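Have a look at the structure below before the remarks.
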Amino acid sequence: MKPRLKKAFHVGKPNIPNKEKLLSKFSEVLENEWLTNNGPLVQEFEHKIKQYLGVKHCICVCNATIGLELLQRALDLQGEVIIPSFTFISTANSLRWQKIRPVFCDIKEDTHLIDTDLIEELITEKTSAILAVPIWGQPCNYPVLEKIAKKYSLKLIFDSAHAFGCKSGDVFIGGFGDAEVFSFHATKAFSSGEGGAITTNSDELAEKLRYMRNFGFDGFDKTVRLGTNAKMSEFAAAYGLVSIDELQSVINHNAEIYKGYIKQFSQFNEIEILKYSEHDYSNHQYAVAHVQANYRDNLVQHFHNNNILVRRYFYPGCHRLEPYKSDHSYNNTQLPNTENVASKVIVLPTGYQLDKKGMKKIFDVYASFLEQKK
């Protein structure tokens, strides 16, 4: 007998697209009898993403972490790469997995983005690239990053896992630097169930990546370069094709939730919602709150006790997680803003799981926590 699950609101709950359309697309995969290996739906999906973002090339992959690793190989990155520590651990681990040393940079406390004022002092003769992160879908300071990369002849890439559908000014995130990597994981505003994509305006880099994601094959039995298996399946592409048609609806819904959080939590001095720039465009997948560090973990537990699964992101920072925590070369890493932000951030649920009734429950649970503290 299938167990009955108690309903809970949680960060990253999938927004399942129209089931009839989804099953129809899955049926198309089965009728084609083409399940993987750059099938027609993957090609259609890549074309739609290119059109949506306004970039020259989109290379779909099985997930964003593999996409980062593939991109690093394609760009022949070595030595050291500068990244923020306030990011998902895969940003750092994708480098470490390639035997590249992540060099952690602090963030700006108000935006949680990499502090571009600190990057140049971290550059050494071993530095081969800057890997920045448009955290929460917020655009990075692209002009400054591009200026630094050009000055020191560095590659510039982005882990844009959070940022599909977001804009810097009027320009979609996706075409900055040498390349960007998106995640289409189930938890994202735009999903293919599992998957990701690399976007770039470089013809040469795109050609390399296409070979490399399929073992380096050119045709049936000839390889032209070293490669691996990073392909997206037709089923994932089918899911993505249905999802992309519903993306704007998800974004609009998230925006209403975000406005609700801003309005309702404004009555409490103990919590502050991170505000996104009005000059840019957000997918509003992440509703990020700052609370006092001395009770943040108790608040998280209180929410969890009431079936509201808020999250601590990205605690305590990559430099304080393994394998970096035990690596003596990182002992002197001082990132005060990263550690301060990581100690007080919680991320609140968004998505179709929430309506006005659900939002009221979240506010009531928070208010009950404050009552207990008195």
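The values are calculated or read from the model by the stated rules, or taken from the named source; none is laboratory data. None of these values were measured; they are calculated from a predicted model. Neighbour counts are summed over all protein chains in view; Cβ atoms, including those assigned to glycine, are modelled from backbone coordinates with ideal geometry.
For the stretch 85-125, how many residues meet the condition of being surrounded by fewer than 22 Cβ atoms within 10 Å (Cβ to Cβ), among the hydroxyl-bearing types (Ser, Thr, Tyr), touching a helix residue (DSSP H, G or I) at 6+ places or on another chain (Cβ under 7 Å) and within 23 Å of Thr187 (Cα to Cα)?
Residues flagged as surrounded by fewer than 22 Cβ atoms within 10 Å (Cβ to Cβ), among the hydroxyl-bearing types (Ser, Thr, Tyr), touching a helix residue (DSSP H, G or I) at 6+ places or on another chain (Cβ under 7 Å) and within 23 Å of Thr187 (Cα to Cα) within the stretch 85-125 amount to 1.
State whether the residues of the stretch 47-54 include one that is surrounded by 15 or more Cβ atoms within 10 Å (Cβ to Cβ), in contact with a strand residue (DSSP E or B) (Cβ under 6 Å, 6 or more places away or on another chain), under 20 Å from Gly216 (Cβ atoms) and in contact (Cβ under 8 Å) with a residue 12 or more places away in the chain.
Within the stretch 47-54, not a single residue is surrounded by 15 or more Cβ atoms within 10 Å (Cβ to Cβ), in contact with a strand residue (DSSP E or B) (Cβ under 6 Å, 6 or more places away or on another chain), under 20 Å from Gly216 (Cβ atoms) and in contact (Cβ under 8 Å) with a residue 12 or more places away in the chain.
What are the residues in the stretch 13-45 that are over 21 Å from Cys58 (Cβ atoms) and of a type in the set (Val, Ile, Thr), if any?
Within the stretch 13-45, Ile16 is the sole residue that qualifies.
For the stretch 335-352, does any single residue satisfy the condition of being free of Cβ contacts under 8 Å to residues at least 12 places away in the same chain and surrounded by fewer than 18 Cβ atoms within 10 Å (Cβ to Cβ)?
No; the residues of the stretch 335-352 include none that is free of Cβ contacts under 8 Å to residues at least 12 places away in the same chain and surrounded by fewer than 18 Cβ atoms within 10 Å (Cβ to Cβ).
Quick test of your reading of the structure: Val288 fulfils all but one of (1) touching a helix residue (DSSP H, G or I) at 6+ places or on another chain (Cβ under 8 Å); (2) under 30 Å from Ser192 (Cβ atoms); (3) free of Cβ contacts under 8 Å to residues at least 24 places away in the same chain. Name the failing condition by number.
With respect to (1) touching a helix residue (DSSP H, G or I) at 6+ places or on another chain (Cβ under 8 Å); (2) under 30 Å from Ser192 (Cβ atoms); (3) free of Cβ contacts under 8 Å to residues at least 24 places away in the same chain, Val288 is out only on (3).
Any residue that is part of a helix (DSSP H, G or I) and either more than 30 Å from Asn306 (Cβ to Cβ) or free of Cβ contacts under 8 Å to residues at least 12 places away in the same chain (or both) - is there at least one of those in the stretch 2-18?
Within the stretch 2-18 (the criterion being part of a helix (DSSP H, G or I) and either more than 30 Å from Asn306 (Cβ to Cβ) or free of Cβ contacts under 8 Å to residues at least 12 places away in the same chain (or both)), the answer is no, since none of the residues qualifies.
Can you confirm whether Leu70 is surrounded by 21 or more Cβ atoms within 10 Å (Cβ to Cβ), outside the structural domain of His319 (by TED's automatic domain parsing) and closer than 17 Å to Thr199 by Cα?
yes
Checking Ala367 against (1) out of contact with any helix residue (DSSP H, G or I) (no Cβ under 9 Å at 6 or more places or on another chain); (2) of a type outside the set (D, E, K, R); (3) surrounded by fewer than 15 Cβ atoms within 10 Å (Cβ to Cβ); (4) not in a helix (DSSP H, G or I): exactly one of these is not met. Which one?
Evaluating Ala367 over (1) out of contact with any helix residue (DSSP H, G or I) (no Cβ under 9 Å at 6 or more places or on another chain); (2) of a type outside the set (D, E, K, R); (3) surrounded by fewer than 15 Cβ atoms within 10 Å (Cβ to Cβ); (4) not in a helix (DSSP H, G or I) leaves (4) as the failure.
Test Ser128 against the stated conditions and say whether it is of a type in the set (Gly, Ala, Ser), buried (at least 22 other Cβ atoms within 10 Å of the Cβ), in contact with a Leu (Cβ under 9 Å, 6 or more places away or on another chain) and on the phi < 0 side of the Ramachandran plot.
For Ser128, the condition - of a type in the set (Gly, Ala, Ser), buried (at least 22 other Cβ atoms within 10 Å of the Cβ), in contact with a Leu (Cβ under 9 Å, 6 or more places away or on another chain) and on the phi < 0 side of the Ramachandran plot - is not met.
Being of a type in the set (Ser, Thr, Tyr) and touching a His at 6+ places or on another chain (Cβ under 8 Å) narrows it down to one of Thr223, Thr187, Thr199, so name that one.
Thr199
For Ile251, all conditions in the list (1) more than 19 Å from Gln353 (Cβ to Cβ); (2) part of a helix (DSSP H, G or I) hold save one; what is the number of the exception?
The number of the failed condition is (1).
Under 6 Å between Cβ atoms, at least 6 apart or on separate chains: pull out the pairs that start in the stretch 316-330 with a residue that is touching a residue at least 12 places away in the same chain (Cβ under 8 Å) and end on any residue that is small (Gly, Ala, Ser) and assigned to a loop (DSSP other than H, G, I, E, B).
The qualifying pairs are Gly317/Ser85; Cys318/Ser85; His319/Ser85.
I'm trying to understand the selection: among the residues of the stretch 85-112, which are farther than 22 Å from Glu125 by Cβ and in a strand (DSSP E or B)?
Ile107
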